[in-house]
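Trainee: Let me begin by handing over the structure; questions about it come next.
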Amino acid sequence: MLHGSAVAYDDGAAIFLAPKHTGKSTLALALTLAGARLISDDSLAVDPGAAPTVAPGIQSMRLVRDAAARLVGSLPSAPQSDGKVLLTDLPEERLETGRVPVRAIYLLTAAESIAENRAADRQPLPPPLAAAAIVGHGKIAEMLGSAEAPELLRRAARLASVVPVYRLAVVRD
């Protein structure tokens, strides 16, 4: 289980991993509204086997109010206690219902600005750094305890050896 969001295209899934409040859900919603299909938001069930896949999961999204208003217009619900709004009514054709091959993993980072006034910058990570970053985004790693740490690292290393992992800097405005 990884802390992130994922969307599907005809050729596979893009996964976005990042700490809270970095824009995973906002990016996933923007891509979904532009034609992708939402796989899951916040929690990702990834099988790192020979051909890594991600399974559908939570298909509602918690978004900060300004991002939700910008992307969907009127706010879909009253804010929750943390100030976020819950979006639960994406059209069925915008939701993925089956396992999808993982084609890329993006580690999101917020940027004040990027060279040449670009909105985003993508840099590939070498597999050892990518594996360490994936472990850092484990959703239940703390609950499993130190005895499971070697297995989590093996799974992350397997995933990073067959799926490209990128650092994706995105300008936040």
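Trainee: For the stretch 25-46, give me each residue that is of a type in the set (S, T, N, Q), assigned to a helix (DSSP H, G or I) and open to solvent by less than 10 Å² (accessible area, probe 1.4 Å).
Mentor: THR32 - this is the single residue of the stretch 25-46 that is of a type in the set (S, T, N, Q), assigned to a helix (DSSP H, G or I) and open to solvent by less than 10 Å² (accessible area, probe 1.4 Å).
Trainee: Shifting gears a bit: Take the residues in the stretch 136-161 that are in a helix (DSSP H, G or I), aliphatic (A, V, I, L, M) and surrounded by fewer than 14 Cβ atoms within 10 Å (Cβ to Cβ), then tell me which one is modelled with the highest pLDDT.
Mentor: Checked the stretch 136-161; the qualifying residue modelled with the highest pLDDT is ALA149.
Matching residues to (1) modelled with pLDDT of 90 or more; (2) buried (at least 17 other Cβ atoms within 10 Å of the Cβ):
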site	(1), (2)
GLY83	no, no
LEU87	no, yes
LEU90	no, yes
LEU95	yes, no
ARG103	yes, no
GLU112	no, no
PRO124	yes, no
ALA132	yes, no
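Trainee: It is to be established whether one or more residues within the stretch 74-89 are part of a strand (DSSP E or B) and under 13 Å from the mean Cα position of the chain (by Cα).
Mentor: no
Trainee: In the stretch 101-117, which residues are of a type outside the set (Ser, Thr, Tyr) and touching a residue at least 24 places away in the same chain (Cβ under 8 Å)?
Mentor: Within the stretch 101-117, PRO101, VAL102, ARG103, ALA104, ILE105, LEU107, LEU108, ALA110, ALA111, GLU112, ILE114 qualify.
Trainee: If we scan the stretch 17-24, do we find a residue that is within 18 Å of VAL135 (Cα to Cα), among the charged types (D, E, K, R), open to solvent by 50 Å² or more (accessible area, probe 1.4 Å) and not in a strand (DSSP E or B)?
Mentor: Yes, there is a match, as at least one residue in the stretch 17-24 is within 18 Å of VAL135 (Cα to Cα), among the charged types (D, E, K, R), open to solvent by 50 Å² or more (accessible area, probe 1.4 Å) and not in a strand (DSSP E or B).
Trainee: Taking the criterion of being among the aliphatic types (A, V, I, L, M), in contact (Cβ under 8 Å) with a residue 40 or more places away in the chain and surrounded by fewer than 15 Cβ atoms within 10 Å (Cβ to Cβ), would at least one residue in the stretch 51-63 satisfy it?
Mentor: yes
The values are calculated or read from the model by the stated rules, or taken from the named source; none is laboratory data. Every value quoted in this text rests on a predicted model; they were computed, and no experiment measured them. Please note: Cβ atoms are built from the backbone with ideal geometry, for glycine as well, and neighbour counts cover all protein chains shown. For the accessible areas, the whole protein counts, side chains as well, though only heavy atoms, and no ligand, DNA or RNA atoms are used. Shrake-Rupley method; radii C 1.70, N 1.55, O 1.52, S 1.80 Å.
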